Amino acid sequence: MPVVVDIRLRPWGHQHRKMNANADKVDKARAEERKNKGLETEVYCKSLYWPERGAFFSLPINCMGLGSGTCSSCNTVKDHNEKYNFTVNSSKTSFVYKETEYSVLDYIYVSPHRFAIERVGHETFKGGRNVGLKAFAICQLLEIVVPKAPKQPDNSSNEVKVRRFYRPEDISDAKAYCSDIREVYYSEVTHTLLVEAIEGRCEVRKKSDLPSCDAPTIYEHMFFCECLYDPHKGSLKQLPPNIKLRFSAAKGASDSLRKNKGKCIKRENDLGAEKSKENCLATLDIFAGYGGLSEGLQQSGLSLSLSHTLTLTPPTR
């Protein structure tokens with residue numbers, strides 16, 4: 001049965017909140033009155049809800065396709081499906097997924113839920129929305145497993161073989177507490193996963209190959225590895241010299257880093273540090289704790305904490 005939907009525009013902004021709230025009360029009263037009289041329910045639309053952002057937005061009147069024979073939602077779904085298309089090259093050494101190219105031996109993020117939880121019962125969490133959250137697992141792409149069937153490959157049928165890199169928190173709470181958040185451990189453990197488990201790209205290098213971190217920012221998606229972990233024996237030892245950590249095949253910042261490796265990198269990063277410090281907020285943390293908040297703000301590049309350079313002495317009686 002066709003339904004008539006009334007499109008209602010409403011102004012957006014904090015200055016219109018009271019007016020919109022009063023209009024909502026009038027609509028509710030009108031709907032209740034029509035219900036009591038047994039009249040047909042009025043259907044109207046006055047805002048757009050965006051699940052990915054968890055918020056309401058103004059209606060896109062210009063592209064809603066009201067009576068024009070076109071559907072913007074259909075076009076949006078089509079573009080979304082094309083973005084998630086999986087295409088592999090003829091040599092089966094690289095593929096494109098979610099508009100990102102991946103090659104064999106690249107380092108990737110994988111959803112942590114794709115792996116069995118090996119340390120059940122050892123986690124201790126405080127109450128809050130972060131209970132049970134885990135960081136992405138880091139793996140190295142070893143092989144692209146494409147089915148031999150002649151049908152068009154997609155992310156629900158194609159698989160990849162990966163090598164697992166362990167994070168300190170995968171080993172023990174004590175190891176996670178005293179380790180660098182960028183440190184990972186090489187292993188001989190391999191898994192075969194669906195392509196849809198891939199969440200993005202990252203880099204794994206030797207610690208000596210990392211950019212200078214004197215700046216109050218951390219280079220994202222870049223980790224270092226110096227140890228080999230055996231999950232069966234629970235042993236952790238120095239990475240053997242025969243294991244080489246390969247740089248990403250993608251051209252970009254990593255290539256320029258390799259070409260300019262040495263003193264010039266340090267100078268470039270120092271200049272970047274000075275430039276980023278100019279845009280930072282100067283903050284002073286006088287809380288009697290470990291300074292986790294000020295350290296986090298400084299590492300994010302939002303602020304430059306004076307707590308790292310000042311020592312506050314309590315007054316003497």
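The values are calculated or read from the model by the stated rules, or taken from the named source; none is laboratory data. None of the values given here were measured: they were computed from a predicted structure. Here Cβ is always computed from backbone atoms with ideal geometry, including for glycine, and neighbour counts include all displayed protein chains. Calculation scope for accessible area: heavy atoms of the full protein, side chains included, ligands and nucleic acids excluded. Shrake-Rupley method; radii C 1.70, N 1.55, O 1.52, S 1.80 Å.
Couple of notes before you dig in:
- Segment 213-238 - residue that is surrounded by fewer than 16 Cβ atoms within 10 Å (Cβ to Cβ) and aliphatic (A, V, I, L, M) and, of those, modelled with the lowest pLDDT: ILE218
- Scanning segment 24-56 for residues that are among the aliphatic types (A, V, I, L, M), assigned to a helix (DSSP H, G or I) and surrounded by 12 or more Cβ atoms within 10 Å (Cβ to Cβ) turns up just one, ALA31.
- Among the candidates ARG119, ARG129, residue that is at pLDDT below 80, in a loop (DSSP other than H, G, I, E, B) and open to solvent by 80 Å² or more (accessible area, probe 1.4 Å): ARG129
- Residue in segment 57-76 that is open to solvent by 90 Å² or more (accessible area, probe 1.4 Å), touching a Lys or Arg at 6+ places or on another chain (Cβ under 9 Å) and at pLDDT 80 or above present: no
- In segment 1-23, residue farthest from ASN62 (Cα to Cα) [restricted to those that are open to solvent by 70 Å² or more (accessible area, probe 1.4 Å) and of a type in the set (S, T, N, Q)]: ASN22
- Residue tally, condition farther than 30 Å from SER72 by Cβ and not aliphatic (A, V, I, L, M), over segment 3-29: 3
- Residue within segment 165-172 that is at pLDDT below 90 and under 19 Å from ASN89 (Cα atoms) present: no
- Single residue of segment 86-106 satisfying the filter (touching a Phe, Trp or Tyr at 6+ places or on another chain (Cβ under 8 Å) and surrounded by 14 or more Cβ atoms within 10 Å (Cβ to Cβ)) that is nearest to TYR44 (Cα to Cα): LYS98
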